[in-house]
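The values are calculated or read from the model by the stated rules, or taken from the named source; none is laboratory data. Remember, it's a predicted structure, so these values are computed and weren't measured experimentally. We place every Cβ from the backbone using ideal geometry, glycine too, and count neighbours over all the protein chains shown. The protein model used for the area step is the full one, side chains on, heavy atoms only, and it has no ligands, DNA or RNA in it. Shrake-Rupley method; radii C 1.70, N 1.55, O 1.52, S 1.80 Å.
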Amino acid sequence: MTLKKLKEYLFDNEIDLKERLFTLVMTITLISWIISLIELIITGAELVSIIALAGGIAALTVAMSLSLKYNKIKIGSIVICIGICFGYVPLTFLFGGGLNGDGPLWFLFGIIFINLCLGKKAKIIFLLLYWVELKVLWTIDLKHPELIYPNTEQMAHVYSFIAMMLIGLALSLVISIWNRIYEKEVQRSKKQKAEIESLNRAQNSFFSSMSHEIRTPINTIIGLNEMILREKISEEVAEDAVNIQSASKLLLSLINDILDMSKFASGQMQLTPVNYHPGDMLSEIVGMLWLKAKEKGLEFKVNVSPDIPDELFGDEVRIKQILINVLNNAIKYTKEGSVYLSIECNTVKEGTVNIIYTVTDTGIGIKKENIPFLFTAFKRVDEERNRHIEGTGLGLSIVKQFVDLMEGKITINSVYTKGSTFIIEIPQKTAGDKLIGEIHIESQAPSRRYLTHSKRFEAPDARVLVVDDNASNLLVISKLLRETRVHVDTAASGEEALKKTLNTFYHVIFMDHLMPEMDGIECFKALRAQTGGLCKESKVIALTANAGSDNRDLYAEEGFDGYLSKPVTGDELERELYRILPKDMTFVTGNDRQILEETISWMKNDKKKKHVAITTESVADLPKEITDKYQIAVLPHLVCTAEGNFLDGEEIETNGLLDYMSDHSKKVTTKPPEVSDIESFFAKQLSVANNIIHISISSELVNSGCNAAKEAAKAFDNVTVIDSKHLSSAQGLLVIEACRLAEKGKGADEIIESIEGIKNKVHSDFIVDNLDFLARAGQVSAKTANIAKALMARPVLGLKKGKMGVNGFYLGSRERAWKKYIDTVLKSPSRIDKKIAFVTYVGLSKQDMEWIRERIESKVKFEAIYFKKASPVIAVNCGPGTFGILTKDAERG
């Protein structure tokens, strides 16, 4: 390679930086060695040194060439480092006079070489080994100088000088060339950044222009369509007009998505919070989407919790956009059944509530592996199956970004082929103490009564000027304000508007922005400075197709008195006009609440979902009164016999199972539910709760079911499975504690953290009569069971870190063993939580239980002692004559 080609290679941006650095360091090292070889020949060094260095140069050349040819830079760097650091350097030290030669200088070169050419892990390993080598070489020079080939004092100075010169020159070249490469890369990066920024500006400009151009005709369509709906028309025409209205608003929503995606990409998206009525917002959303649901034959329901504040402070436009996107998606991917929206709230702190929107459908569902990609822009999951379904792939990506911007949370629960649930939580500030009340929005075509316009006021003495270069927009605004009886004049340009304001006073001026020759902002400034003008103090409202919070801020900074974005509705126009006009000029004929009250005929209350629900398994051995009290859903395990599989505790009972097992030829096994069954269980519970915490039996036990539950939970964002590390009622104690926390209003994260923290404070062990049943279940060997029986040893089984083991034995009669067991469990009453204790048993008589109760109460006074017959699954492994005292440690104050 010539010097020119080497230079082109090193500064070629298309070649990887690591490859260029490798080539640079190797080339300079090679040149340094060649110069050293010439030095050795000239100074008449030992032939062995000359041959060794020549061989090193040849090896370095081959290694460098192969590394570059086969793109194995990493391996090549390691091989060459080994050759230099553990070959060349020690040989130079030993045959070059040791500390009195150039060896120490080449050692420093090795350190620099390692740092330049190796990755982090390899670098650390090589440096450690290199320092060990240094220690060895210095020790040889100090303790065994006879092993060092000596140099004359003169040659030592020559070698040191030449080595210093070569290494200094090599470092200078590496640093100089690398700095030039770095500067070029920086310039390249700056140029690319400028190009990207220019492209973003062009893209944003395009999207903004497109949005403006499309909004203008949509404004005409929606405005004139609203005028049609105000007229006395036939039901057929009214239905067509409603469909036009819904389709136009959905088209507008799609335009907003495209524009917003551009703003998110450029980091320009901002929220615009205002006071709004959630009831009005929801009514509008239903009006937009009922047609799509109706066309597919879907049932569409919207339920609102009555404790939601009547007025909230937040970005209503963006929240509406979020709900429209999620609902539109639900309708799109549901062939039959229903789409359901529920709205609830939880108080976060005074003045702030967490509004929870839940969208549930009976559609095709989402595969577990596709859930992480749902919020990726332009990506559609399960493409093969969904190829015939329309869509841009933008909706959910925008939803996620808006929810994050509002400091909210969105979670997904889905069972493939059965449906999905999206839960959106958005914190909002309250704007008053009034609640929304008991309302329910049904999915039906809005009635004519609902669509009939109800004017809010009249102002016959008010004069309004509308400035817009589009004749259709002037017509629409004029007609929408007709029922208010205000005097409306129009101007098709800024110049015409200034002519009118010179001779006529207008109370309010609606000003378009993008107009030819003189735009709205220029016209506004000219209006304020107009000599002899009558409208210097008039209220000017920007009425423009330039949507977005950034434009709202722009008009506010310029001094406009208000802002409305096209397309605009009659209600929005009237609301803004009423806000601006002097109150003595307006006569109120209606109010905002009248329209909502007219929808009461299709609204009613519905049951509110729990924020957190606790679930567990049949092996938790909880009494029915506790599962009923806390509404704990229980997932049954399976008992398997030759006659079939039976649901634990539901289709088979403990005593009947023990009778069956008295025949030793009968084999009984247990197994957890299948993942698909657990998914269905979780899906059902999520219909009554927003979050599920499932407390499972220890994953360390045979046929546990914990891992299956965790696998099933992957289909749901709002399901958490906790490995209790316990079984039976010890697991149940954790369930009760979780229920108490949920009852106090604790959130899912708080409950999970608390339960994880008290696992080690719960104790689960049992005393059994013998090990026969465990031997039959394969938990212990038959030999161990026979030895224990022969010694009249009654084993105590316990769990440590979730694993079952034998904690000890009690010898002698049953009564003596039981006394010892009870006394041992309750030996430190001060450390035990006395609120509750469980005695879970298998095959005990009533007399046995009374004796156990008396013995316990003589040791510790519990507020409640529950005697619970163990589930069949537990009984299979223990056998009759088994019981355990299950407690929790007291909290330390």
Computed over the range 705-856, the relative contact order (Cα-Cα under 8 Å, seq sep at least six) in percent reads 17
So, over other residues within a Cβ distance under 9 Å of residue 838, counting Lys, Arg +1 and Asp, Glu -1, the net charge is 0
Rounded to two decimals, the Debye log10 I(q)/I(0) of the chain (Cα scatterers, no solvent) at q = 0.06, 0.07, 0.08, 0.10 Å⁻¹ is -0.74, -0.87, -0.93, -1.04
A correct Karplus calculation of ³J(HN,Hα) over the range 465-472, with 6.51 cos²θ - 1.76 cosθ + 1.60, θ = phi - 60°, whole Hz and x for Gly and Pro, returns 10, 10, 10, 7, 7, 9, 4, 5
Taking the range 801-893, the equivalent ellipsoid from its C-alpha gyration tensor has semi-axes in Å, biggest first, of 21, 16, 15
From the cross-link list 18/123; 624/820; 667/868; 72/120, the entries with a Cα-Cα span beyond 19 Å are 624/820; 667/868
Averaged per residue, the 1.4 Å probe accessible area of the range 454-495, protein heavy atoms only, in Å², is roughly 38
Sorted list, accessible surface of protein heavy atoms, 1.4 Å probe, largest first, for 518, 227, 165 is 165, 518, 227
Ordering 873-879, 797-803, 709-715, 572-578 by per-residue average of other C-beta atoms within 10 angstrom, highest first, gives 873-879, 709-715, 572-578, 797-803
Of every hundred units of 1.4 Å-probe accessible area on the chain, the number belonging to carbon and sulfur atoms, as a percent, is 55
Given 37 °C, 0.692 mPa s and a Kirkwood radius over Cα pairs, the Stokes-Einstein diffusion coefficient of the range 733-848 in µm²/s is 197
Output for the range 603-664: GluC sites (Glu not before Pro) sitting in coil per DSSP, at most 10 other Cβ within 10 Å, listed by number, reads 643
Compactness summary of the range 505-580: radius of gyration and Dmax from Cα atoms, Å, are 12.2, 35
Expected sort for 321-334, 167-180 on mean C-beta neighbours within 10 Å, highest first, is 321-334, 167-180
Relative contact order in percent for the range 9-153 (Cα pairs under 8 Å, 6+ apart) equals 22
accessible surface per residue for the range 788-893, probe 1.4 Å, DNA/RNA/ligands not counted, whole Å² -> 50
Beyond 25 Å (Cα-Cα) in this structure, taken from 455/536; 684/714; 725/869; 368/429; 819/861; 249/294, we find 455/536; 368/429
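Quick check: net charge around residue 288, other residues with Cβ under 10 Å of its Cβ, Lys/Arg +1 and Asp/Glu -1?
So the surrounding residues net to +2.
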Burial-style ranking of 281-290, 579-588, average other-beta-carbon count within 10 Å with highest first, yields 281-290, 579-588
Using alpha-carbon positions, the gyration tensor of the range 234-347 gives root eigenvalues a ≥ b ≥ c; with a/c under 1.5 called rounded, otherwise prolate if a/b exceeds b/c, else oblate, the class is oblate
If R0 = 22 Å, then residue 824 and residue 850, at their Cβ-Cβ distance, give a FRET efficiency to the nearest 0.05 of 0.60
